[in-house]
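Read the structure below first, then the notes.
Read the figures in this text as sums done on the coordinates, not as results from a lab. None of the values given here were measured: they were computed from a predicted structure. All Cβ positions, glycine included, derive from the backbone under ideal geometry; neighbour counts span all protein chains shown.
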Amino acid sequence: MDEDTLRAQLNKYNQGHVLQFWKELTEDQRASLTEDILEFSLSEVTSYFKRANESSENNNKLLDDRIQPIEDDAIKSVTGCDSALLKKYQDTGLREIAAGRVAVLVLAGGQGTRLGVTCPKGMYDVGLPSHKSLFQLQAEKIRRLEVMAKEKYGKCQGITWYLMTSEATHESTLDFLEQNNYFGLNKNNVKAFKQGMIPCFGFDGKILLDEMHSLSKAPDGNGGLYRALKVQGILQDMTERGINSVHAHSVDNILIKVADPVFIGYCIDKGADCGVKVVDKADPSEAVGVVCQVDGKYQVVEYSEISKKTSELRRPNGKLVFNAGNICNHYFTLGFFRNISDYHEEELPLHVAKKKIPYVDNSGVRQKPTSPNGIKIEKFIFDVLKFSKNFVAWEVPRESEFSPLKNSDSAGQDCPSTARNDLLALHKQWLLNAGAKSVQGDVEISPLLSYAGENLKDIPEIIQGPKVFE
């Protein structure tokens, strides 16, 4: 596209400023900037700014008069199910795995900035005795499940592992997996794909320049998944593999039950097209979103969208009325994915994050602001719940299923120390349940040995760490 045509397109959407340094650029820099601009539909991305701000204004309105908790017949709790029912769900899930109809989709675009590292979060080592990364722990859980499915049904066609990366994490993630031989997984069953990017805007609606020859861009959030699945050919790949059930989760939960056969079996048994795992909120003020109904449709409501009075409402048994804490842990059918990607992706709300975004000023000097100067626009994975035709929720114990890794140790919570301690505490409980009398020090159980506390035989009565049971 020549300069005049490009300039006319930009002016049409009030973005002509991105060519203000055109005359100072080399031919290669002009080509790079042109490529940056043509990567996006200007009509679409400029509409994002208006839509995102409208959505932000709506999010500031309290929803107390419009919300209801999850209906009783749409939610079950692990602790409320007897062993026979849990076994039924697990057998159903393992049957789905054995038939090759299960995929895991890990949201792995995060760089670990708050952790204080530059590598992808999935590569992080929290300091376990084994020094395994999050990626390795998750891959080995997949391998253990494949063994369990084969033992149960005599065969296993394998679990496909999809990793949604970002521009910042894609190449390093691929290199890490290859260098580690995919942690023993079949290479053909591991596929990484990139989420999309969205330009960053100043508060005036103008796209920011990162350099004189490049736009400022940021990943489109974990809700960018639905467009990426279609654009990157993942839906087609799932179809060709015969995938039916997809377990999607964030990379940073060290206690994640990857492809949890009980959860998958529960969703299949209920005929669900969309399911979520939730944890009981620790207290009314805990800063997590709540899965509930708004105007009769399921969605995640942020803690700031309901009043203190509503957040403190309790049931006769003492549990919070709005207690279903969202932990980014989802079940989807392939049919649901297709429906979202084909018909509803453009309806997803856009969320605004006010950020300190480096930019090039009118003099061509790159500035690093000390206070928010613009917005990044994101989509959220859970904003599709309202499109479900049969939605279910599965409440799980926090201590065995949810310990996110978000901050450095200086924060004191959701950090490497808490993640490590929570995993080791869980493994200690497994060993005590298996017959140990005393477990001291850091004692870890390899996912290759036990997925959820099973298969622990001939355990010594006295165990002293540091030690890894392989």
If each part is reduced to its alpha-carbon centroid, the range 339-363 and the range 183-254 end up apart, in Å, by 13 Å
Semi-axes in Å, largest first, for the range 428-470 (Cα gyration tensor, √(5λ)) are 15, 12, 8
If every Lys and Arg gets +1 and every Asp and Glu gets -1 at its Cβ, then about the Cα centre the chain yields a dipole, in debye to the nearest 20, of 840 debye
Cα extents of the range 379-467 along the principal axes, largest first, in whole Å, come to 52, 36, 20
Looks like the range 335-422, by Cα gyration tensor root eigenvalues a ≥ b ≥ c and the a/c under 1.5 rounded cutoff (else prolate when a/b is bigger than b/c, oblate otherwise), is oblate
Karplus-derived 3J(HN,Hα) from phi for the range 392-398 (6.51 cos²θ - 1.76 cosθ + 1.60, θ = phi - 60°), whole Hz, x at Gly and Pro, runs 9, 10, 10, 8, 10, x, 4
At q = 0.11, 0.15, 0.16, 0.25 1/Å the base-10 log of I(q)/I(0) from the Debye formula over the alpha-carbon atoms of the range 88-180 is -0.39, -0.67, -0.73, -1.18
Restricting to aspartates and glutamates and to Cα separations under 14 Å from Lys356, and discarding same-chain partners fewer than 8 apart, the set is Asp210
When the charge dipole of the range 65-198 is computed with +1 on Lys and Arg Cβ and -1 on Asp and Glu Cβ about the Cα centre, the Cα farthest towards its positive end, among Gly158, Val102, Ala74, belongs to Gly158
Surrounding charge for Leu185, neighbours by C-beta under 13 angstrom, Lys/Arg +1, Asp/Glu -1, total +2
Here the range 186-314 gives, from Cα atoms, an Rg and Dmax in Å of 19.4, 56
quick note, the chain, DSSP beta bridge pairs, % antiparallel (nearest 5) is 55 percent
If Leu86, Leu235 are placed from fewest to most neighbouring beta carbons inside 10 Å, the sequence is Leu86, Leu235
Quick shape check on the range 409-454: root eigenvalues a ≥ b ≥ c of the Cα gyration tensor, a/c under 1.5 is rounded, otherwise prolate if a/b tops b/c, else oblate, and it reads prolate
Relative contact order of the chain (C-alpha contacts under 8 Å, at least 6 apart) in percent is 21 percent
quick shape note, the range 239-341: Cα extents on principal axes in Å, largest first -> 50, 32, 25
Computed on Cα atoms, Rg of the range 289-344 relative to 2.2 N^0.38 Å comes out at 1.43
Where a ≥ b ≥ c are root eigenvalues of the Cα gyration tensor, a/c under 1.5 meaning rounded, otherwise prolate if a/b exceeds b/c and oblate otherwise, the range 1-117 counts as prolate
